[in-house]
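Chemist: Got a structure for you, written out below as structure tokens; questions coming shortly.
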Amino acid sequence: MRMQAKIMPAIALAAGAALLAALAPAGAAEGDAAAGRAAFEKRCTGCHALDHEKEGPRLAGVVGRQAGTISTFTYSDAVKKSAVVWTEALLDKWLTDPETVIPDNDMSFRLNNPVERAAVIAFLKETGK
């Protein structure tokens with residue numbers, strides 16, 4: 001009987017998670033650009049803007065752009081020498097841990113929430129259209 005008391009809450013939790021996943025919007029895995037704008041404004045604008053340089057380079061049109069190529073921004077040597085082209089997958093990895101993408105870069109920020117990362121990336125992708 002005690003074993004059943006421990007297993008039932010775990011089963012209920014798993015069923016609830018499955019139900020939430022089934023009810024999630026179809027585009028949630030790719031990211032929601034509208035939510036991404038809000039997350040960008042909350043998480044990124046301390047260092048970045050879309051249309052001008054701040055502590056970090058401008059980010060409008062970053063998806064598909066080669067790293068280190070905004071002529072008006074002073075990048076780290078590591079970023080300038082990289083051959084990185086910003087794809088959605090690479091931006092996800094970068095926002096998770098920039099050092100794994102370009103070691104010795106100057107960005108120390110990390111965006112740990114995968115839903116927020118996907119939304120920010122979806123928003124950034126829209127800025128290039």
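Coordinate-derived values only; no laboratory data. If you're wondering where the values come from, they're calculated on a predicted model, not measured in any experiment. As a convention, Cβ positions derive from the backbone with ideal geometry for all residues, glycine included, and neighbour counts pool all protein chains shown.
Chemist: Can you tell me which lysines have their Cα less than 18 Å from the Cα of Lys125? Leave out same-chain residues fewer than eight positions away.
Modeler: Cα-Cα hits under 18 Å: Lys42, Lys93.
Chemist: Arranged from highest to lowest average of other beta-carbon atoms within 10 Å per residue, in what order do the peptides 84-93, 112-121, 46-55 appear?
Modeler: 112-121, 84-93, 46-55
Chemist: I've got another one for you. With 15 Å as the cut-off, how large is the P(r) tail for segment 30-126, expressed as percent of Cα-Cα pairs?
Modeler: Result: 58 percent of Cα pairs exceed 15 Å.
Chemist: If the reach is capped at under 13 angstrom between alpha carbons, list the aspartates and glutamates near Lys81, excluding any in the same chain fewer than eight residues apart.
Modeler: Straight-distance partners of Lys81: Asp104.
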